[in-house]
Amino acid sequence: MKNYIIAFFAALLCLAACAEKPTQIVTPDPPTLGTPGKRDYVWTVDTLYYPYGEQTSMESIWGSSATNVYAAGHEASGSSASMWKYDGKSWQKVGLNTQHGGVIEGPFDLHSVQGFDSTTIYAVGSRLYQTFSQTFPFMLDSSFIIKFDGKQWREEQLPARAEDLTCLTCDSKQNIWCGGYRGSIYHFDGLRWSLDTSAKKYTNEVYTNIGIRSIGVTAGQTMAMAMIFTISESSRILMSLILTDSGWAQSDSFVVENGKEKFGPFMWTSPSNQLYSSGSFGMYQYDGKSWNHFFQSDFGIWRVFGLRNEHIFAVGNYCSVFHFNGRDWSKISIPSPDPTLCLYGVWCTENEVFIVGHDDARSYVFHGK
């Protein structure tokens, strides 16, 4: 488990670099045509904090409507992960395990939430186990997936247990992907979950840990971003993988170094079926063969979400919020209690936007409407 924690924080450091020069705004060519998305928001801030836990760190946000929004992440209470729900008026903690009114047994953690509608929602993370050891590690984890059926959150039955899951992509109800540490990738075809370990072939005696950071799906193509670490964690490779009939195959890669990036670790598929990635220096657009710099930023971009080509949000380090309206990018100011806060998730409707960030102790949801 120690390696997992080191790998996770190493990825955080990859996006933490911030240059002193002003943000550069790049307009794509050709610009899309359509009604520009809304930018004039009135912002409110909600603080999510569970008083019986040391940390409330939300890493993901998704909703089926502006009155049905979920945030999921880490809760250092020792009993369960943390999930919160917004009903249009206030945020309330969701009872998931048996200690909090749910039906899920034992301790677990969550990293990502996503769904299709108010009655079909998934969240992924890790099932936690005590080792009863007198030395580190004191806890071990394995793959964990839960589903909301409109009435209750229940644990999904997996064919085999792999490692902690950190990313989730809901393409359709018959095509769901999630990935995590040690090259763990699960796929749901509408009937059952299957485990794919073919990405592990890219590890060897030097590169021993491969973490799946995101999975992107477009028409006829499925891609994954994998961060590969050395034993000493001193060197990292970011690799883009493409799913073939014989498993995952390398598409491109580069050594992660300060000031250099060919694409980012976090992917997002637009409603028009265009694949993007985001990272330390902005956003990249995939043309079917290579990644092109779509938007350049001096602040690391963690997540991207939009309803259409004229209404896209990108959020990241130092409370950075950018909006693309089909014609140009604009930086949006939000009323943050801490200007150095990292923003980890974004979700929007046509007229409202929800952005989540945390300082490890508390999480903050910025609501624009």
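Readers should treat all values here as calculations from the given coordinates under stated rules, not as data from a laboratory. Just so we're clear, the structure is a prediction, and the values are computed from it rather than from any experiment. Cβ atoms come from the backbone with ideal geometry, glycine included; neighbour counts cover every protein chain shown.
Computed from point charges on the beta carbon alone (+1 for Lys and Arg, -1 for Asp and Glu), the dipole magnitude for the chain about its Cα centre is near 240 Debye. Based on the Kirkwood approach, the hydrodynamic radius assigned to the range 195-250 is 11.7 Å, with every pair of different Cα atoms included. Shown is the FRET efficiency for D338 and S234, computed with R0 = 30 Å from the Cβ-Cβ distance and rounded to the nearest 0.05: 0.45. In the range 186-201, which residues have a backbone nitrogen under 12 Å from the label point lying 7 Å from Q174's Cα in the Cα-to-Cβ direction? Answer for this model: 189-191.
Volume per residue of the convex hull around the Cα atoms, evaluated for the range 279-330, comes out as 78 Å³. What share of Cα pairs, in percent, lie more than 34 angstrom apart in the chain? Across the chain, Cα pairs with separations above 34 Å total 21 percent. For S272 and N351, what does the FRET efficiency come to when R0 = 25 Å and r is the distance between their Cβ atoms, rounded to the nearest 0.05? So, using R0 = 25 Å, E works out to roughly 0.80. Grouping the Cα pair distances of the range 236-369 into 10 Å bins from zero gives a pair-distance distribution of 12, 41, 32, 14, 1 percent in increasing distance order. PRE reach from S65 (point 7 Å along Cα→Cβ): which of the range 351-369 fall under 20 Å by backbone N? Output list for this probe position: 351-355, 367-369. Our estimate of slack between A160 and D117, defined as 0.36 nm per intervening residue step minus the Cα-Cα distance, is 12.7 nm. Taking a 20 Å limit on the Cα-Cα distance, which of the listed pairs K173/K262; K38/K262; K85/K369; K85/K331 fall beyond it? Flagged as over cut-off: K173/K262; K38/K262; K85/K331. Site pair R192 and T208 shows an inter-label distance of 3.5 nm when each label is modelled 7 Å from Cα along Cα→Cβ. How much net charge surrounds I104 when only other residues with a Cβ under 10 Å from its Cβ are counted (Lys, Arg +1; Asp, Glu -1)? For residues surrounding I104, the net value is 0. Take the Cα radius of gyration of the range 192-290 and divide it by 2.2 N^0.38 Å, N being the number of residues; the result is 1.08.
Per-residue ellipticity at 222 nm from helix content only, as computed over the chain with -39500 (n - 2.57) for each DSSP H run of at least four residues, stands at -1500 deg cm²/dmol. Normalising the average separation of contacting C-alpha pairs (under 8 angstrom, six or more residues apart) by the number of residues puts the relative contact order of the range 2-368 at 18 percent. The calculated FRET efficiency for the pair D252 and A219, based on their C-beta separation and a Förster distance of 35 Å, comes to about 0.95.
The gain in end-to-end length when the K85 to V103 segment is fully stretched comes to 4.7 nm, 0.36 nm per residue minus the alpha carbon separation.
Could you check which residue among E205, E105, E257 shows the biggest mean-square fluctuation in a GNM of the chain with a 10 Å Cα cutoff? Result: E205 has the largest fluctuation of those listed. Centre-to-centre separation between the Cα atoms of the range 251-295 and those of the range 184-226: 17 Å.
Protection proxy ranking of 106-112, 269-275, 244-250, by the mean of other Cβ atoms within 10 Å over each peptide's residues and highest first, is 106-112, 269-275, 244-250.
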